[in-house]
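Values in this text are rule-based calculations from the coordinates and carry no lab data. All of these numbers come straight from a predicted model, not from anything done at the bench. Note: ideal-geometry Cβ built from the backbone for every residue, glycine included; neighbour counts use all protein chains shown.
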Amino acid sequence: MSLSCWILTFNRPAALNRQIAAFGRWTGVKIFSNHPEIQLTSEHADFHKAGDLPILYNSLSDPEATSYCARSWNNIFLKGFKDQDEMICVQDDTQINDWERFRDLILANKDRYDLIWGPGGDQFFYMKKKVLQTVGWFDERYLGCYCGDADWLKRIWQQYDRTKLSVYETHDWGFVHNDIGLGRFIPTHIQSKAIDANYVNQHHEIEQVVGVNTNRILEHSQAFYCSKWGHMLNGTGPISQNRFGSDGSLIAEIDWYPWFTQKYLK
Amino acid sequence: MKTIIEVGAHRGTETLNFLTDHEAEVWAFEPSLVEFALLHRLSREYPRLTVLPFAVDIGDNQEPLFHRENGQSTLQPPAFGSGAASFTMTWTIRLDTFMQLYSIGHVDYLRIDAPLREEMILESLGDRINDIERGRVSRYEQRSAVPAFLCDHGFNIMSDTVSNNTLCPDIKFWRS
């Protein structure tokens, strides 16, 4: 069975089709869409018609809604880990330079590591099912696409065998551990992402809905992160450092999908 | 042409001074949307001015830009426990990424005025710090590591209190 690649897409057709081209020749690409419409090139549309490019729609989403990454990743885990033990997760606006060498890099390292993460939050990660079994779900109390990735990575760092983790994270809360060189292939600047004429990043999508002066959705996520970990996410150094007195979360995790946990993760 | 990079252009006071040099090409970073709009209008009058709505940081990402009651905007969050933090998200870019994307080989003057983020901005140059000729950094705390960082990378430094609106003297730096 080929390695699955789940693309999380947000109505960015040019980026999505670029992404399918980068992964389509060496993984089984599946799409999870947070938007009711998907625009594929004729070649990719043919793949879809042939059953080789399945598309799952987030039935909770709405054209007026803002993105919700934690829930989206959990949905992908639900669909993907029923019958597979590993997957690639990637957001549609992630540019892959030189996909063949990138493929070689991932295939050469995926047996050494259970998680390969980077370089900018949850834009790309390879993971084994064991990570989900050990650490649990993304915490869906983080709204929008903010803090949930850092929270999940922090929990992995605290709970998982670190020799099995490869992390190259360039956010101001990030850290580097067992780097395999993801940064050579995945740029994270805006020019690499904004190839759709009407490109909107998830953070700005939220600001368009709730206002640019008081972004209560993202502020909720930052406040929840503070409550949970006892420090702010940004500006306080790498989340791998336990210099805040507590190794663990101050708020209990939730088993968001206990039926799946019981049936597929035990 | 002389290349000037201004990180934290604010309302453009220093930007205008830079532009009085007719050989200067100025790249001004200002992530605050209100001030960016002012500078963007200014740039229509000065073809040698390019204004970028980004914050400079150690990663090419998006980070929260915190808005303080005194009107300042900074990537540096308020102290933990000081109350709700108001912020919007801004694009961030490393200076070495910027110099590569815009084909800038040499920087004649680097001006940094970004509260409590000056070290990260200098670090974002990576090896391209060797392409910086001179500049000035505003300091927002006495125990800043900026002087040591600059000396370690081959610059001469001196304090400069002229035009300074922080509690600490600015640092001028230049290559020998």
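May I ask you to list the lysines whose Cα is less than 20 Å away from that of A:Lys129, ignoring any residue fewer than eight positions away on the same chain?
Leaving aside lysines fewer than 8 places away in the same chain, those within reach of A:Lys129 are A:Lys30, A:Lys79, A:Lys82, A:Lys110, A:Lys154, A:Lys164, A:Lys263, A:Lys266.
Which of the three applies to chain A, rounded, prolate or oblate, going by the alpha-carbon gyration tensor with a ≥ b ≥ c and a/c under 1.5 meaning rounded?
Judged from the Cα gyration tensor, chain A comes out rounded (a/c under 1.5).
Report the one residue of A:Tyr264, A:Leu115, A:Ala15 whose Cα lies farthest in the direction of the positive end of the charge dipole of the protein assembly as shown (charges on C-beta: Lys and Arg +1, Asp and Glu -1; origin at the Cα centre).
Checked the options; the winner is A:Tyr264.
Does the range B:1-136 come out rounded, prolate or oblate, given a ≥ b ≥ c as the square roots of the eigenvalues of its C-alpha gyration tensor, rounded meaning a/c under 1.5 and, failing that, prolate meaning a/b above b/c?
Since a/c reaches 1.5 but b/c is at least a/b, the shape of the range B:1-136 is classed as oblate.
Near the amide H of B:Asp57, under 5 Å away, which other amide H atoms are found, from residues 5 or more places off or on another chain, if H is placed in the peptide plane?
When sequence neighbours closer than 5 places are left aside, the close amide H contacts are B:Ile93, B:Arg94, B:Leu95.
Mind telling me which of B:Thr50, B:Thr13, B:Thr92 comes out most flexible in a GNM of chain B, alpha-carbon contacts under 10 Å?
For chain B, modelled as a Gaussian network with Cα springs under 10 Å, the answer is B:Thr13.
Which of B:Glu118, B:Glu69, A:Glu205, A:Glu100 has the fewest other C-beta atoms within 10 Å, and how do the rest follow up to the most?
Result, fewest neighbours first: B:Glu69, A:Glu100, A:Glu205, B:Glu118.
Please report, in debye to the nearest 20, how large the charge dipole of the range A:4-265 is about its Cα centre when each Lys and Arg carries +1 at its beta carbon and each Asp and Glu carries -1 there.
Around 560 debye, computed over the range A:4-265.
For peptide B:63-72, compute the average count of partner chain beta-carbon atoms within 10 Å of each residue's beta-carbon.
3
Using 0.36 nm times the number of residues separating B:Gln72 and B:Met158, minus their current alpha carbon distance, what extension gain do you get?
Net length gain for the segment: 28.4 nm.
Listing B:Arg128, B:Arg111 from the residue with the fewest other Cβ atoms within 10 Å to the one with the most, what is the order?
Listing B:Arg128, B:Arg111 from fewest to most nearby Cβ atoms yields B:Arg128, B:Arg111.
Under the classification rounded if a/c is under 1.5, otherwise prolate if a/b is larger than b/c and oblate if not, where does the range B:88-176 fall, given a ≥ b ≥ c as square roots of the Cα gyration tensor eigenvalues?
Judged from the Cα gyration tensor, the range B:88-176 comes out oblate (a/c at least 1.5, b/c at or above a/b).
For A:Ser33, B:Ser144, what ranking results if the residue with the fewest other Cβ atoms within 10 Å of its Cβ goes first?
By the 10 Å Cβ count, ascending: B:Ser144, A:Ser33.
Sorted by average packing, counted as other Cβ atoms within 10 angstrom per residue and highest first, what order do A:232-238, A:248-254, A:114-120 take?
So the order, starting with the most tightly packed, is A:114-120, A:232-238, A:248-254.
7 Å from Cα along Cα→Cβ at both A:Gln39 and A:Asn109: what's the point-to-point distance in nm?
3.4 nm
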